[in-house]
Amino acid sequence: MTSNNGWTGKGALWLGATGYLEIAAMAQELNVQDIIARLRVAATQDDATKAVRAIVEEVVADPESAAHAFGDPGEDVILYEDETVSIWYTHFHPAMAVPAHDHQLSACIGVFHGRERNDLFEAGPDGGIRKSSEVFLEPGDVFAIGPKAIHSVACVSEGPCNGLHVYLGNLTEVDRTLFDVDTGRSMKFDDANYERLMAADRFASG
Ligand SMILES: [Fe+2]
């Protein structure tokens, strides 16, 4: 039984107005380990894509809190990876574009700092790939792509682009492909090819 002053009657829990608000504020503070734990559970659910997206949306909905929670490592960080889910903090440098690539896994991209342009590609008539569309993402935005999607990402803001990327599987163990968008050539996704194809944003406007 709860009395008017907020005590439960057992002396164990304060449920008064002030105390409740303080607890609510604490619960809203993002914690990276909590986010990882929740994403791991979501990735095992029947509708994992939807469950993961809901969490990513929640995380980036308050971009400043997300940036505070993740800090600023200044480079990509694999926060967690197992056979069901890979969770990455991403850091893209201004005016640079990561090479076109696939994932072979469903991916959910949430942005909490900067502005990035996702270029999406499709198979071209000559056997290569060609750009089919582009999507700009800003803090608070979430973008999900399927396992066969091919994209590159350019950071188009003055500062770096930071985000939370979640893949439904073990990304570093998947046999993936990189694409040279100039020649149309595809090649194995490895560090050497990635560094070789890393370039200034070739689709930059103006
Ligand atoms: Fe990607």
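We did not get these values from a lab; they are worked out from the coordinates using the rules stated. Quick caveat: nothing in here was measured; it's all calculated off a predicted structure. Quick reminder, even Gly has a Cβ in these numbers, built from the backbone with ideal geometry, and neighbours come from all protein chains shown.
Helix 17-28 versus the longest principal axis of the chain: what is the Cα-based angle in degrees, 0 to 90, to the nearest 10?
Around 20 degrees separate the two axes.
Sorting 168, 39 on the 10 Å Cβ count, fewest up front, what's the list? Please list the in-between numbers first.
On the way: 168 20, 39 24.
Fewest-to-most Cβ neighbours within 10 Å comes out as 168, 39.
Tell me what the chain gives for mean residue ellipticity at 222 nm when only DSSP H runs of n ≥ 4 count, each as -39,500 (n - 2.57), the sum divided by the residue total, rounded to 500 deg cm²/dmol.
Helix contribution divided over all residues of the chain: -7500 deg cm²/dmol.
Once you put a point 7 Å from the Cα of residue 188 and another 7 Å from the Cα of residue 82, both along the Cβ direction, what distance in nm separates them?
That separation, rounded to one decimal, is 2.9 nm.
Running a GNM on the chain with Cα contacts under 10 Å, which residue among 135, 56, 156 ends up with the highest mean-square fluctuation?
135
How about the chain: what cysteines have no other cysteine beta carbon under 4.7 Å from their own?
Result for the chain is 108, no neighbouring Cys Cβ within the cutoff.
Could you give the nm distance between label points at residue 172 and residue 54, where each point is 7 Å from its Cα heading toward the beta carbon?
Inter-label distance under the simple model: 3.0 nm.
Give me the extension gain from residue 64 to residue 202: residue separation times 0.36 nm, minus the current Cα-Cα distance, reported in nm with one decimal.
Values: separation 138, 0.36 × 138 = 49.68 nm, distance 3.00 nm.
Full-extension gain reported as 46.7 nm.
Enter the angle in degrees (range 0 to 90, nearest 10) between the Cα long axis of helix 48-60 and the first principal axis of the Cα atoms of the chain, meaning the one along which they spread out most.
70
Choose one answer from 97, 154, 37: the residue with the largest mean-square fluctuation in a GNM of the chain with alpha-carbon springs under 10 Å.
It is 37.
Apply the Debye scattering formula to the stretch 17-200, with a single equal point scatterer on each alpha-carbon and no solvent, then give log10 I(q)/I(0) at q = 0.13, 0.15, 0.17, 0.18 Å⁻¹.
For the stretch 17-200 at q = 0.13, 0.15, 0.17, 0.18 Å⁻¹, log10 I(q)/I(0) is -0.67, -0.88, -1.11, -1.23.
Taking trypsin sites (Lys or Arg not before Pro) that fall in a DSSP loop and have at most 10 other Cβ atoms within 10 Å as cut points, what is the longest piece of the chain between them?
11-147
Report the gain in length on full extension from residue 135 to residue 158: 0.36 nm times residue separation, minus Cα-Cα distance, nm rounded to one decimal. Write down the numbers at each step before the final one.
Numbers: separation 23, 0.36 × 23 = 8.28 nm, distance 1.79 nm.
The span from residue 135 to residue 158 would gain 6.5 nm if fully extended.
Compute the longest continuous run of the chain that contains no exposed GluC sites (Glu not before Pro); treat a site as exposed when its DSSP state is not H, G, I, E or B and it has at most 16 other Cβ atoms within 10 Å.
No qualifying site falls inside 84-157, the longest such stretch.
Mean-square fluctuation check for the chain, GNM, Cα pairs under 10 Å: which of 46, 141, 119 is largest?
Looking only at 46, 141, 119, the biggest GNM fluctuation is shown by 46.
Give me, ordered by chain and number, the residues 5 or more places off residue 141 or on other chains with an amide H under 5 Å from its own placed amide H.
Close amide H contacts, sequence-distant or interchain: 111.
Kindly list the residues of the stretch 54-75 that lie in the label zone of residue 96, defined by a backbone N under 19 Å from the point 7 Å along the Cα-to-C-beta vector.
71-75
When the chain is fully extended, how far beyond the present Cα-Cα distance does residue 144 get from residue 44, taking 0.36 nm per residue of separation?
34.3 nm
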